[in-house]
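Q: Please read through the structure below; I'll follow up with questions.
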Amino acid sequence: MPAPVANEIRREIVKRHEAGESLKAISGDMGVPYETTRKIWRHWRTYGKLSANYEQAKKRGTRRYTDVYAIAIEMKRTHPKWGAQLIRVKLAVSHVDLPSVRTLQRWFREAGVSRSPKASRKRSEYVKRGQVVHEVWAVDAKERMRLADGSSACWLVATDEASGAILGTQSFPPVALDEN
């Protein structure tokens, strides 16, 4: 983000434009981009002040998609399992100008409708694997591990998920697979 324009420069732009100079001429003479000059003039004409409107930045929600914002939040509230991509597809039927999927996700998070408690609870139930010793074993293989002498080896290890104990290991040299 560029640095803010000093109030003295803003005041000079407004004074010169009110005196009849064009914004393009002021922009070129002062070395300020034309778009910046135009926005400063528009801000002065709209709000009657030179300083930036920082209160506008504090507002939550949206400034550009006001009609879509409430509809998207309500769709997510009534269909908590729908993702932002699906909601965007559904909105595309009736609206042309739509926010990005990431913007919809941010809206849902800020509105507190991003994840239903039921879906969160289901996910945590599935993650609890191997709570009792020897209930679930995990087998992991490492292939072509480089050894200190430059050769390579393969390693197979079996662990208990609940305790994290190593149940057994086996190391062996790499073997070429038969292509048939």
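The values are calculated or read from the model by the stated rules, or taken from the named source; none is laboratory data. Note that this is a predicted model, so its numbers are computed, not measured. Note that we place each Cβ from the backbone using ideal geometry, even for glycine, and neighbour counts take in every protein chain shown.
Q: For segment 130-169, how many residues are of a type in the set (A, V, I, L, M, F, W, C) and loosely packed, with under 13 Cβ neighbours inside 10 Å?
A: The total comes to 9.
Q: Evaluate segment 120-135: report whether one residue or more is hydrophobic (A, V, I, L, M, F, W, C), modelled with pLDDT under 90 and under 28 Å from ALA84 (Cα atoms).
A: Step one: of segment 120-135, the residues hydrophobic (A, V, I, L, M, F, W, C) are 127, 132-133.
Okay, now just the ones that are also modelled with pLDDT under 90, so 127, 132-133.
Still in the running and under 28 Å from ALA84 (Cα atoms): 127.
Within segment 120-135, one or more residues are hydrophobic (A, V, I, L, M, F, W, C), modelled with pLDDT under 90 and under 28 Å from ALA84 (Cα atoms).
Q: On the basis of being among the β-branched types (Val, Ile, Thr), modelled with pLDDT of 85 or more and within 30 Å of ARG16 (Cβ to Cβ), does VAL32 make the cut? Give the steps one after another, and end with the answer.
A: Details: among the β-branched types (Val, Ile, Thr): yes; modelled with pLDDT of 85 or more: yes; within 30 Å of ARG16 (Cβ to Cβ): yes.
It is true that VAL32 is among the β-branched types (Val, Ile, Thr), modelled with pLDDT of 85 or more and within 30 Å of ARG16 (Cβ to Cβ).
Q: Further question: Being surrounded by 11 or more Cβ atoms within 10 Å (Cβ to Cβ), at pLDDT 90 or above and assigned by TED's automatic domain parsing to the domain that holds ALA111 narrows it down to one of ILE26, ILE73, ILE13, so name that one.
A: Values: ILE26 fails: assigned by TED's automatic domain parsing to the domain that holds ALA111; ILE13 fails: assigned by TED's automatic domain parsing to the domain that holds ALA111.
On inspection, the qualifying residue turns out to be ILE73.
Q: Tally up the residues in segment 132-156 that are of a type in the set (A, V, I, L, M, F, W, C) and not in a strand (DSSP E or B), please.
A: Of all residues in segment 132-156, those of a type in the set (A, V, I, L, M, F, W, C) come to 132-133, 136-139, 141, 145, 147-148, 153-156.
Then keep just the ones that are not in a strand (DSSP E or B); that gives 132-133, 136, 147-148.
Residues flagged as of a type in the set (A, V, I, L, M, F, W, C) and not in a strand (DSSP E or B) within segment 132-156 amount to 5.
Q: Still on this structure, I have one more. For segment 72-99, which positions are among the small types (Gly, Ala, Ser) and in a loop (DSSP other than H, G, I, E, B)?
A: GLY83, SER94 - these are the residues of segment 72-99 that are among the small types (Gly, Ala, Ser) and in a loop (DSSP other than H, G, I, E, B).
Q: Moving on to the next point. Would you point out which residue out of THR159, THR169 is modelled with pLDDT of 85 or more, over 40 Å from the mean Cα position of the chain (by Cα), among the hydroxyl-bearing types (Ser, Thr, Tyr) and not in a loop (DSSP other than H, G, I, E, B)? Explain how you work it out, then say what you get.
A: Numbers: THR159 fails: over 40 Å from the mean Cα position of the chain (by Cα).
THR169 is the lone residue from the list that is modelled with pLDDT of 85 or more, over 40 Å from the mean Cα position of the chain (by Cα), among the hydroxyl-bearing types (Ser, Thr, Tyr) and not in a loop (DSSP other than H, G, I, E, B).
Q: Polar (S, T, N, Q) and in contact (Cβ under 8 Å) with a residue 40 or more places away in the chain, is that true of SER27?
A: So SER27 fails the test.
Q: Of the conditions (1) in contact with a helix residue (DSSP H, G or I) (Cβ under 8 Å, 6 or more places away or on another chain); (2) within 30 Å of ARG115 (Cα to Cα); (3) at pLDDT below 90, PRO99 clears all except one; give me its number.
A: Every listed condition holds for PRO99 apart from (3).
Q: Can you name every residue in segment 1-51 that is in a loop (DSSP other than H, G, I, E, B) and over 37 Å from the mean Cα position of the chain (by Cα)? Before you say what the answer is, go through the steps one by one.
A: Within segment 1-51, the subset in a loop (DSSP other than H, G, I, E, B) is 1-6, 19-22, 31-33, 48-51.
Correct list: ALA19, GLY20, GLU21, SER22.
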